[in-house]
Structure formats: structure tokens, C-alpha cells
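These notes are about the structure you will find just below.
The values are calculated or read from the model by the stated rules, or taken from the named source; none is laboratory data. These figures come from a predicted structure and were not determined experimentally. Don't worry about glycine lacking a Cβ; one is built from the backbone with ideal geometry, like all the others, and counts go over all protein chains shown.
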Amino acid sequence: MKPDRKKLLERARNGEERALFNRALDLGEAVLTSGVTQLTGFYDPYRAGLIISLSKALPGLAATPAGGYKGAERVCLALHPVGVEPLWTDYDFALIAIKGNFERAGVKYRDVQGALMGLGLKREKFGDIRLSDGEAQVVTTGDVAPYVAANLNKVGRVRVVVEITTCEGLRPPEHPFKEIKATVSSLRLDSVAAACFSTSRSKIVRDIEAEQLSVNWQVCSDPATPVGEGDTISARGRGRAVVAGVKGPLKSGRMGVVINKYV
């Protein structure tokens, strides 16, 4: 029995999620018809969670995430019949090592991502980007890696050399952060984000309303969105921070927050 696609698509909150659900349902239906494992692209935790939830609504279908190494943030999902666990080789992971004088040129994560997308790759074609010691490591798949190796010769103004290797031995990277202790009037997104990114509340409200902020990888356009301990706040052009702790209300009536701002 085919799933009720129309009913499942009603879960989508917007056009982007609807397109994501349609792609996942196409793959899921192919699995249920053929019994052959299918792979999604690489997705952030929020979107990966949506696909896993959707898979549970299709009897006989399961979704198993992997990102090339333990603790990966971005993962692809193997959609497979229940009881038929995917093999590591099913994911066909490959690691791209992009080497250049990054430190001298001040190359950042977004520069590497931009260079890859400048080749015509969509964001879901590659997973985590790990940048350190003059090298960017990018998790992708065996069909994408040769294309990058053949076509990527610059990141920003820095000339690069690209090598293809395996993900074997990769460990979760360390994320250096700056601890910020602040007090806020409330645990609304606009108040906490202004403290996270050391800017005014009015400026951060404009960014939120322009849909430039995400909470736990979900875009938010409402400044009054509640946030709490453990939430990850990302702002386009400003970076990412985690609400590490909340205290209060204090005697002043304000809330105390401890923020880990990635540097």
C-alpha cells in the first residue's frame, strides 16, 4: 500500500520543507518497491530529523544517519527496509583534503563552502567542513569527490591542491569558543541573540525578520521565539553560539545566560 503522500506533505511548514519531503518520499517509495537502499543528501540535524520522522510514517521503511565519522553534524540518511541494516560501504563516503595557505589569507568556513558551491554543487552534496592547519577536510561521496578534485583550484584568492582520501580515522573536531556571561530581559530570541553576537537588539530584530537567524538549524522570523539552555543559535554573517546555561530570574528581574560563542 502506497503512503498517503498528500497527508504526509501536510507536515511541511513551508515550500522548502515540502520539497525536502517530496524528495524523501520518492526515495522511500523506491526502497519499498525494490528493496534496495537509497541515500539522501547531507542535511543538518533539523532536516535530518524531519526525514527520520517522515520515514517512521512509512511502514517497512527505516532511516539510518551517518556523516562519515562519529559525531558528524551533517549527515546523509540511508533509507532501507526495516531489518536490513545498511553497510558502511553503502554510504560511499569520501574525504576531500583541500590544501592551501589558508591561515595567511584568513580563509574561513564560509569561503570553503562558497568555493564548493561555486562549482555548481548544492549544499546537500557535501557534509561537514573541517578547517585547520592550512587544510580543509570536506566529507562527501565517491561520485562527487573526483569532480571537486578536477575543478577546484582556488578558495577565495588562495590557490589550492585537492586530494581524495577516506574518512577512516576521522574524529569529532574541537570547537574553540569564547564564553560570554550576560543578563537579558527575557529568553526571547532577539534578547539572547543580541547578547550572543554583541550587537543591539534593534539590529538583531531586523536580521531575524529577514530570516537570517536559525535556532537549532530551523530558520526563525519571529523575534519573540523562546530559546533555552542547549539551543544553538546561528546568524548569517555573525557565526554560531550555544546557550550553555540559564539562571534566574535574578533579583533585578532579568535572566542570566552563559553563552559559548564559536570562534
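Out of curiosity, is Glu209 charged (D, E, K, R) and either within 22 Å of Asp111 (Cα to Cα) or touching a Gly at 6+ places or on another chain (Cβ under 9 Å) (or both)?
no
Taking interchain pairs and intrachain pairs at least six residues apart, which have beta carbon atoms under 8 angstrom, with the first residue in region 139-161 and exposed (fewer than 14 other Cβ atoms within 10 Å of the Cβ) and the second of a type in the set (Gly, Ala, Ser) and not in a strand (DSSP E or B)?
Lys154/Ala115; Arg157/Ala105; Arg159/Gly100; Val161/Gly100
Any residue at all in region 7-21 that's assigned to a strand (DSSP E or B) and surrounded by 14 or more Cβ atoms within 10 Å (Cβ to Cβ)?
There is no residue in region 7-21 that is assigned to a strand (DSSP E or B) and surrounded by 14 or more Cβ atoms within 10 Å (Cβ to Cβ).
Can you tell me which of (1) surrounded by 15 or more Cβ atoms within 10 Å (Cβ to Cβ); (2) not in a loop (DSSP other than H, G, I, E, B) is the one Ser186 doesn't meet?
The failed condition is (2).
For region 153-161, does any single residue satisfy the condition of being of a type in the set (Lys, Arg), at pLDDT below 95 and either in a strand (DSSP E or B) or not assigned by TED's automatic domain parsing to the domain that holds Arg74 (or both)?
yes
To keep it simple, each residue is scored yes or no on (1) farther than 25 Å from Val215 by Cβ; (2) within 18 Å of the chain's Cα centre (by Cα).
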site: Leu20; (1), (2): no, yes
site: Glu29; (1), (2): yes, no
site: Gly35; (1), (2): yes, no
site: Tyr43; (1), (2): no, yes
site: Tyr46; (1), (2): no, yes
site: Leu54; (1), (2): no, no
site: Gly67; (1), (2): no, yes
site: Gly71; (1), (2): no, yes
site: Pro81; (1), (2): yes, no
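Name the residue that is farthest from Arg123 (Cα to Cα), counting only residues in region 55-86 that are part of a strand (DSSP E or B) and free of Cβ contacts under 8 Å to residues at least 24 places away in the same chain.
Ala62
Residues of region 29-54 being β-branched (Val, Ile, Thr) and either part of a strand (DSSP E or B) or touching a strand residue (DSSP E or B) at 6+ places or on another chain (Cβ under 7 Å) (or both), which ones?
Correct list: Val31, Thr37, Thr40, Ile51, Ile52.
Working only within region 216-234, note down all residues that are in a strand (DSSP E or B) and in contact with an Asp or Glu (Cβ under 6 Å, 6 or more places away or on another chain).
Our first condition is that a residue be in a strand (DSSP E or B); within region 216-234, this holds for 218-220, 226, 232-234.
Correct list: Val219 only.
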